[in-house]
Amino acid sequence: SIGDHKEVLLTADEAYGPIVPDAFREIEVDSLPEPYRFAGAILGIQDPAGGVFPIRVHSIEEEKAILDFNHPLAGKTLRFAVRVISAE
């Protein structure tokens, strides 16, 4: 009914899955564009279908950078607040 509301919780397994350790890759820090050489930076690469896939810089360690190819919401519980505002 209009005005009804509900909260929905999705565990990581129900949403984007757990963090996959194999989705971390080590690269030479020099291969990163300079503005992205810090932990937490988000890079976007184009996938074969033409979409943009986010990659997070997990850490910088001397001459190496660790990139995280997991989905940004992997490993997280998601909470949705839903309210019905119209019905047709």
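The values are calculated or read from the model by the stated rules, or taken from the named source; none is laboratory data. Quick caveat, the model's predicted, so the values are computed rather than measured. Ideal geometry is used to build each Cβ from the backbone, glycine not excepted, and the neighbour counts take in all protein chains shown. All accessible areas refer to the heavy atoms of the entire protein, side chains included, with ligands and DNA or RNA removed. Shrake-Rupley method; radii C 1.70, N 1.55, O 1.52, S 1.80 Å.
Please name which of Leu67, Pro48, Thr11 has its Cα lying farthest along the dipole of the chain towards the positive end, using unit charges on Cβ (Lys, Arg +1; Asp, Glu -1) and the Cα centre as origin.
In the chain, that residue is Thr11.
List the residues whose amide H sits under 5 Å from the amide H of Ser59, counting only those 5 or more places along or on another chain, with H placed 1.01 Å from N in the peptide plane.
Answer set, sorted by chain and number: Ile66.
Rolling a 1.4 angstrom probe over the protein heavy atoms, how many square angstrom per residue are accessible across the stretch 26-88?
Per-residue value: 74 Å².
Could you list log10 I(q)/I(0) for the chain at q = 0.18, 0.21 Å⁻¹, which the Debye formula gives when each Cα is one point scatterer?
Each listed q maps to, in turn, -0.85, -1.00.
If you keep only loop residues by DSSP, which trypsin sites (Lys or Arg not before Pro) in the chain have at most 14 other Cβ atoms within 10 Å of their Cβ?
Arg37
Rounded to a whole number, what % of the accessible area of the chain do carbon and sulfur atoms account for, probe 1.4 Å?
With neighbouring chains kept in place, the figure for the chain is 55 percent.
For the residue pair Lys76 and Lys6, what label-to-label distance in nm results when each label sits 7 Å from Cα along the Cα-to-beta-carbon direction?
2.3
Where the only charges are on Cβ atoms (+1 Lys, Arg; -1 Asp, Glu), what is the dipole of the chain about its Cα centre, to the nearest 20 debye?
Rounded to the nearest 20 debye, it is 420 debye.
Counting only C-alpha contacts under 8 Å and six or more residues apart, can you give the relative contact order of the chain as a whole percent?
45
Would you tally the net charge around Leu9, using a Cβ to Cβ cut-off of less than 13 Å, leaving Leu9 out, and scoring K and R as +1, D and E as -1?
Net charge in that neighbourhood comes out at 0.
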